[in-house]
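Below is one structure, written out as structure tokens; the observations come after it.
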Amino acid sequence: MRVVFYYPSMIIGGAELLFYRTACELHKLGMNIAYVDYHDGYIAKKLNDENSGIDTISIDKEPRKSLESQDVVILPANFARVLDTLDFCSANCRLLFWVIHPENLVPKLPSQIPLPEKSLSYRLLSFFLLRTERKNITSLLNICDEYNGIYYMDGACYRQHKSVLGNINSPKILPLFVPSKGIISAKFNRSSVSGKKLKVAWLGRIDKSFKHFILERLIRDLNELGLYETLELCIIGQGDGIEYIKKVVAECTEVDVRFVSHVEPNLLQDYLFQNVDLLCAMGTSALEGAKAGIPVVCLDASYQPVDFEYKYRLIYQGEGLSLGYIINQNWFPDENKLSIKEILLHVRENFRLHAQKSLKFYQEGYEPSNVIKELKKAVEATNLKPTCFPGKLFRKSLFVRIWRAFR
């Protein structure tokens, strides 16, 4: 059996890092591993430069290698909807879909349609255009579940699917794999950070989809506090939303902001530990701070401007293993109760307590050896194959045709 990770990408972000690290860990354990990427994709180049021993399979270079019947392919769940286009898959290879974002597979109108999500026009348009799509995706998910071929990274992802698509028969949780180098305990000896510049950081891809709006909210909230607080904000990450964020920063003169485009994965834990007092992030990026033993604010994603009074939460205050929700002006989670001013005050006055609680959240929910054990069980258990899906599920609905026209 060979385990094949599928995530073609030209850049590095939380999801790419997740797949890279998980592939490397399974390879260390003696498993036969391959990685599907562009021939010059970030992870493909990294694996080849490292002489990792992991086979790389290029999807954009001829002749293309086909996957074999003994392969188990691990993919982000959003690829389930376009499985019929992944022609490199053998009909008999087994599939394992991992829901690593709450919006994976959730049908939405194209972002280019200039209507607020809560408007009557948007809701009516969604009802007529997305009805068939929702039905098809729900059927697809239940087929995946029937054959043990889909797992959710946390309860927030399943909650989002349930709210939009209905109940999944037997949802299964597979937490993210975020390895740790071991914990440096020096910061736990420091009970507070009073009397010094507080170093805040954002970590994560800066896209123009669901992350740039919450980052903008964070910058503007910190800027308001900059009149009274001595703050520094370090923005670590890259993506197509970086120019948008730089324009926001230019308007915010009360907080000292600097940009770091990239930190090598093997250096990231030490970098955060040595340079950051409070990390603000979502998903795998939030876990990077938790495992480093620093306080972490878990941010929520938004596809609309966060132009309302957004409340924050520390990572351990979320429901279950949640690493971020999808929010809008009409809803954000009950766990979010603190202003950014209150968060900073808590960190200044009791740094050690919040650092220890962040670390405990990581250790109890995302301990690497336990996650790998569960992943290996999932790989063995899946019996999902491309042939399990009736062809009608992949017919292009009116929604898909419109989406492609706007893309």
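The values are calculated or read from the model by the stated rules, or taken from the named source; none is laboratory data. Here the structure is a predicted model, which means the values were calculated and not measured. As a convention, Cβ positions derive from the backbone with ideal geometry for all residues, glycine included, and neighbour counts pool all protein chains shown.
Okay, residues lined up against (1) outside the structural domain of Pro102 (by TED's automatic domain parsing); (2) without any contact (Cβ under 8 Å) to a residue 24 or more places away in the chain; (3) surrounded by 24 or more Cβ atoms within 10 Å (Cβ to Cβ); (4) out of contact with any Ser or Thr (no Cβ under 8 Å at 6 or more places or on another chain):
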| site | (1), (2), (3), (4) |
| --- | --- |
| Gly289 | yes, no, yes, no |
| Pro295 | yes, no, yes, no |
| Leu299 | yes, no, yes, yes |
| Val306 | yes, no, no, yes |
| Ile315 | yes, no, yes, no |
| Gly324 | yes, no, yes, yes |
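Would you pick out the residues in segment 225-250 that are touching a helix residue (DSSP H, G or I) at 6+ places or on another chain (Cβ under 8 Å) and part of a helix (DSSP H, G or I)?
Leu225, Tyr244, Ile245, Val248, Val249
Just wondering, is there one or more residues in segment 316-335 that are part of a helix (DSSP H, G or I) and either modelled with pLDDT of 90 or more or not acidic (Asp, Glu) (or both)? Steps first, answer last, please.
Of all residues in segment 316-335, those part of a helix (DSSP H, G or I) come to 316-317.
Now restrict to residues that are either modelled with pLDDT of 90 or more or not acidic (Asp, Glu) (or both): 316-317.
Within segment 316-335, one or more residues are part of a helix (DSSP H, G or I) and either modelled with pLDDT of 90 or more or not acidic (Asp, Glu) (or both).
Take the residues in segment 338-358 that are among the aliphatic types (A, V, I, L, M) and surrounded by fewer than 16 Cβ atoms within 10 Å (Cβ to Cβ), then tell me which one is farthest from Arg313 (Cα to Cα).
My answer is Leu353.
Arg220 passes all but one of (1) buried (at least 22 other Cβ atoms within 10 Å of the Cβ); (2) assigned to a helix (DSSP H, G or I); which number fails?
(1)
Quick one: how many residues across segment 1-49 are touching a residue at least 60 places away in the same chain (Cβ under 8 Å) and among the basic types (Lys, Arg)?
2
Residues in segment 70-82: is at least one touching a Pro at 6+ places or on another chain (Cβ under 8 Å), under 29 Å from Tyr325 (Cα atoms), in a strand (DSSP E or B) and not basic (Lys, Arg)? Outline the logic, then answer.
Filtering segment 70-82 down to residues touching a Pro at 6+ places or on another chain (Cβ under 8 Å) leaves none.
No - not one qualifying residue is present in segment 70-82.
Search segment 29-56 for residues being part of a helix (DSSP H, G or I) and out of contact with any Asp or Glu (no Cβ under 9 Å at 6 or more places or on another chain), and hand back the single one that is surrounded by the most Cβ atoms within 10 Å (Cβ to Cβ).
This residue is Lys46.
Can you report the number of residues in segment 348-372 which are over 21 Å from the mean Cα position of the chain (by Cα) and of a type outside the set (Gly, Ala, Ser)? Spell out the reasoning first.
As a first pass, look at segment 348-372 and keep what is over 21 Å from the mean Cα position of the chain (by Cα): 348-357.
Cutting the leftovers down to of a type outside the set (Gly, Ala, Ser) gives us 348-354, 356-357.
The total comes to 9.
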